[in-house]
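So that we are looking at the same thing, I have put the structure below in structure tokens.
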Amino acid sequence: MSLSSGPFFVFLVAVCLLYWLTARWHRLQRVLLAAANLFFLAHFSLVYLALPFAAAADFGIGLELSRWQKVSPKRIPKRMLRRMLLGLSLAINLGLLLTLKLVPLATGASWRWLLPLSLSFYCFQSLTYTIDLYLGELEPTRSFIDYLAAALFFPSITAGPIPRMGKLLEQMAEPFELSAEDGARAMLLIGLGLVKKLLIADYLANNLVDRIFDTPALYSSSEILLGVYGYALQLFFDFSGYTDIARGVALLLGINLPENFRQPYLSLNIAEFWRRWHITFSEWLRDYLFDFFPKNRKFPVLSYSYAFLFTMMLGGLWHGISWNFLIWGALHGLALGVVFAWKRWRKAPPAGWRLKLFAGLLTFHFVCFTWIFFRAATLESALAILRGLGAHTWSMGSVAVPVVGVLLFAAVAHCLPSDWFERAAKLSVRVPFWVQGLAMAGLILLIQTLAGRGSAPFVYGNF
Amino acid sequence: MEQHARILKILQRVSGKQVNPGQNESLFASGLLDSFALTDFVSGLEEEFGVTIPDSDLSARKFDTIVKVDAYLSAKTK
């Protein structure tokens, strides 16, 4: 049940109606949310109904971590006991993550139907709970229902954003309230997400990117270059479209999910790119992986560079166990090391529009170069794309004019000033909520018709 | 000069911006600090407050807000 599909919106309307009708009974609302989470997961595969057992383990570990922080046991030193509890949580979540990554790899496509979701986002989110508790930065929840409502939160479980469990539980403990402003903002986010996904990302994938990446030998260097730019935009609009829908849906349930994108292709260096691209994932990597690598300020460039390299290589392997993702992660890790060394050498950021333009173009093209490894099905396919780019053949005969139009539109839309959304939300709040709902239903129908073949799966749903 | 103002002075020097973030505003989310600038920020704190901060404490979660920096330094100078 993809977040851009018709059945999902039927499910959403039912959940919202029940959720809003039970607004007075806060506890019942959370039971309802936990049930909605399980229904959503069961729709993908009944196997996922076993997930509450993993959640129960983390919930129990959370209570024990908190208990042993305050009470000193007589025989076992409490630090060791707490480490063992954290180790157990890491083993459960990383074991689940590895199993769900390796089983489809080992069994091939034939078993894909059994485990269509990799649940990485669930594992990452659950680890924020036990690690934060271990570090004493969080109080545990005493209610398993609350834990299930947050840990399996259906808008974000398939492809993020990755909220911190502490923040999610905090928000869920508050009485439900949906202001007219939030309602309008939610509708706008969902509508925007659908447009991004169905009209831009899917269109670029079907009419440009998939063709070029599947058979690069049929295209000229300039067409392949356009295909690489197209993939950069397709991935952004696909993933940020998903995030917008997830954030809009969560807002309808009174939950603010964190922002995940801030015009990433306008970054002036790769470090800035990671502060603007998949923000919740890069913050997760920073707080739960990078920060635990030993560093030495006497040799900052060396110690930071290896921490960046290994963090990003592991981040790459999370996307899939293949050479392509390892190379993609390693390239980003190396680039972060280079930026770190550069910043220590030249403290001042680039000044003047020429230098900024150069830095921006260099960063964008480096990111596009790494996307080749990210998108290509195999290492050989990635090398074929690179060979095609290096062939210096110039022709645009195979690219239709509407495709170029959508590419230009997407590039301009990506660069729109960030405050336009708030302005649009302020305007739409004047429209009655039921009219917004009807407009949304109309938009969904219109897009489904225009998109023709329906919605392709979200790219990050595979990770 | 009170501790808060001294922390702010170092933050302004490291970020290169004349900012005055809220007590609980995330210095990382607002872009004032990142993993790169954290080393300079921590060295600045060591110099200003005469404390030794181990490399193992170079973590975003320890220095994410003015309140956290304040609490960290207070614990160090006790």
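The values are calculated or read from the model by the stated rules, or taken from the named source; none is laboratory data. Since the structure is predicted, the reported quantities are computational estimates derived from the model, not experimental observations. Neighbour counts run over all protein chains shown; Cβ positions are idealised from the backbone, glycine included. Ligands, DNA and RNA are stripped out before the accessible areas are found, and what is left, the full protein with its side chains, is counted by its heavy atoms. Shrake-Rupley method; radii C 1.70, N 1.55, O 1.52, S 1.80 Å.
Based on the Cβ-Cβ distance of B:Gln18 and A:Lys426, what FRET efficiency does E = 1/(1 + (r/R0)^6) give at R0 = 25 Å, to the nearest 0.05? Write down the numbers at each step before the final one.
Details: r = 30 Å, r/R0 = 1.19.
E(calc), rounded to 0.05, equals 0.25.
Right, something else. When a/c is below 1.5 the answer is rounded, else prolate if a/b is larger than b/c, else oblate, so apply that to segment A:24-175 with a ≥ b ≥ c taken from the square roots of the Cα gyration tensor eigenvalues. Let's see the in-between values first.
Working: a/c = 2.39, a/b = 1.28, b/c = 1.87.
Cα axes put segment A:24-175 in the oblate bin.
Once you keep just the Cα pairs under 8 angstrom separated by 6 or more residues, what percentage relative contact order results for chain A? Kindly include the intermediate steps, with their values, before the conclusion.
On the way: 588 pairs, mean separation 90.5, N = 463.
Relative contact order here is 20 percent.
Right, next: Counting each DSSP H run of 4 or more residues in chain B as -39500 (n - 2.57), what helix-only mean residue ellipticity at 222 nm follows after dividing by all residues, to the nearest 500 deg cm²/dmol? Can you show the working numbers first?
Numbers: 3 runs with 40 residues, N = 78.
Here the helix-only value at 222 nm equals -16500 deg cm²/dmol.
Identify, among B:Ser35, B:Ser15, B:Gln3, the residue whose Cα sits farthest towards the positive end of the charge dipole of segment B:3-77, taking +1 on the Cβ of Lys and Arg and -1 on the Cβ of Asp and Glu, with the dipole about the Cα centre.
Most positive-ward Cα: B:Gln3.
Within 10 Å of each Cβ in peptide B:60-68, how many partner chain Cβ atoms are there on average? Round it to a whole number, please. Each step should come with its number before you reach the end.
Details: counts 5, 8, 2, 0, 1, 0, 0, 0, 1.
Shielding by partners across B:60-68 averages 2.
Given a Förster distance of 45 angstrom, what is the FRET efficiency for A:Thr99 paired with A:Arg67, based on the Cβ-Cβ distance and rounded to 0.05?
On the way: r = 29 Å, r/R0 = 0.65.
In this case the efficiency is close to 0.95.
Put +1 on the Cβ of every Lys and Arg and -1 on every Asp and Glu Cβ in the protein assembly as shown; which of A:Ser45, A:Met440, A:Phe364 then has its Cα farthest towards the positive end of the dipole?
With unit charges placed on the Cβ atoms, the residue in question is A:Phe364.
Let me check I've understood the local charge: for B:Ile10, count other residues with C-beta under 11 angstrom from its C-beta, Lys and Arg +1, Asp and Glu -1. What total comes out? Kindly include the intermediate steps, with their values, before the conclusion.
Numbers: positive: B:Arg6, B:Lys9, B:Arg13; negative: B:Asp40, B:Glu46, B:Glu47, B:Glu48.
Overall, the nearby charge balance is -1.
Right, next: Quick one: accessible surface of A:Arg344, probe radius 1.4 Å, all protein chains present, in square angstrom to the nearest 10.
A:Arg344 has an accessible surface of roughly 80 Å² with all protein chains in place.
So what is the 222 nm mean residue ellipticity for chain A from helices alone, if each DSSP H run of at least 4 adds -39500 (n - 2.57) and you divide by all residues, rounding to the nearest 500 deg cm²/dmol? Mind dumping the intermediate values first?
Numbers: 20 runs with 310 residues, N = 463.
Estimated from H runs of four or more residues: -22000 deg cm²/dmol.
Among A:Met165, A:Met187, what's the order by accessible area (1.4 angstrom probe), most exposed first?
Values: A:Met165 0, A:Met187 30 Å².
My answer, sorted largest first, is A:Met187, A:Met165.
Please identify the helices of chain A, taking whole runs of DSSP H, that span at least 18 Å along their own axis as judged from the Cα atoms and have a mean Kyte-Doolittle score of 0.5 or higher. Intermediate values should be presented prior to the final figure.
Numbers: long enough: A:6-21 (23 Å, 2.27); A:26-44 (28 Å, 0.86); A:51-70 (29 Å, 0.28); A:78-107 (42 Å, 1.08); A:120-134 (21 Å, 0.42); A:180-194 (21 Å, 0.95); A:221-252 (46 Å, 0.84); A:300-319 (28 Å, 0.96); A:323-345 (33 Å, 0.83); A:353-375 (32 Å, 1.10); A:401-414 (20 Å, 2.26); A:433-451 (26 Å, 1.73).
The qualifying helices are A:6-21, A:26-44, A:78-107, A:180-194, A:221-252, A:300-319, A:323-345, A:353-375, A:401-414, A:433-451.
When the dipole is taken about the Cα centre of segment A:181-462, and only Lys, Arg (+1) and Asp, Glu (-1) are charged at their Cβ, what size is it in debye, to the nearest 20? Write down the numbers at each step before the final one.
Working: 24 positive and 16 negative charges, 204 e Å.
For segment A:181-462, the charge dipole is close to 980 debye.
Taking a cut-off of 13 Å between Cα atoms, list the aspartates and glutamates near A:Lys78, but don't count ones fewer than 8 places away on the same chain.
A:Glu64
Shifting gears a bit: Dipole size in debye (nearest 20) for the protein assembly as shown around its Cα centre, Lys and Arg Cβ +1, Asp and Glu Cβ -1?
Values: 49 positive and 36 negative charges, 192 e Å.
Computed charge dipole of the protein assembly as shown: roughly 920 debye.
Still on this structure: Answer rounded, prolate or oblate for chain B, using the Cα gyration tensor with square roots of eigenvalues a ≥ b ≥ c: rounded when a/c is under 1.5, else prolate when a/b is larger than b/c, else oblate. Mind dumping the intermediate values first?
Details: a/c = 1.39, a/b = 1.20, b/c = 1.16.
Judged from the Cα gyration tensor, chain B comes out rounded (a/c under 1.5).
Also, quick follow-up: What do you reckon, how do A:Trp20, A:Trp277, A:Trp394 stack up by accessible area (1.4 Å probe), largest on top? Please report the intermediate quantities before stating the final value.
Details: A:Trp20 80, A:Trp277 0, A:Trp394 175 Å².
The residues order as A:Trp394, A:Trp20, A:Trp277, largest area first.
Filter the trypsin sites (Lys or Arg not before Pro) in segment A:244-335 down to the DSSP loop ones having no more than 10 other Cβ atoms within 10 Å, then list what survives. If you can, show how the numbers build up before the last one.
Values: sites: A:Arg247, A:Arg262, A:Arg275, A:Arg276, A:Arg286, A:Lys295, A:Arg297, A:Lys298; in loops: A:Arg262, A:Lys295, A:Arg297, A:Lys298.
Hits after loop and neighbour filter: A:Lys298.
Listed here are the pairs A:Lys167/B:Lys76; A:Lys101/A:Lys426; A:Lys298/B:Lys62; A:Lys101/B:Lys76; A:Lys295/B:Lys17; which of them are more than 32 Å apart at the Cα? Could the numbers behind the result be given before it?
Details: A:Lys167/B:Lys76 28 Å; A:Lys101/A:Lys426 43 Å; A:Lys298/B:Lys62 20 Å; A:Lys101/B:Lys76 44 Å; A:Lys295/B:Lys17 27 Å.
Beyond 32 Å between Cα atoms: A:Lys101/A:Lys426; A:Lys101/B:Lys76.
Note down the nm distance, to one decimal, between modelled labels 7 Å out along Cα→Cβ at A:Lys356 and at B:Lys78.
Between A:Lys356 and B:Lys78, the label points sit 4.6 nm apart.
How far apart, in nm, are two points set 7 Å out from the Cα along the Cα-to-Cβ line at A:Glu177 and at A:Phe292?
Those two pseudo-labels are separated by 3.8 nm.
Starting from the residue with the highest accessible area, list A:Arg211, A:Arg142 in decreasing order, probe 1.4 Å. Let's see the in-between values first.
Numbers: A:Arg211 115, A:Arg142 165 Å².
Most to least solvent-accessible, the answer reads A:Arg142, A:Arg211.
When the accessible area of segment B:17-78 is computed with all protein chains present and a 1.4 Å probe, what percentage of it is carbon and sulfur?
Numbers: 1300 of 2720 Å².
Of all accessible area on segment B:17-78, carbon and sulfur atoms account for 48 percent.
Shape verdict for chain A, please, from the Cα gyration tensor: rounded (a/c under 1.5), prolate (a/b greater than b/c) or oblate. Don't skip to the end; give the middle numbers.
Numbers: a/c = 1.63, a/b = 1.18, b/c = 1.38.
Oblate shape, in that a/c is at least 1.5 and b/c is the bigger or equal ratio.
Right, next: Near A:Lys196, which aspartates and glutamates are there with a Cα under 15 Å away, not counting those fewer than 8 places off in the same chain?
Cross-link targets: A:Asp238, A:Asp244.
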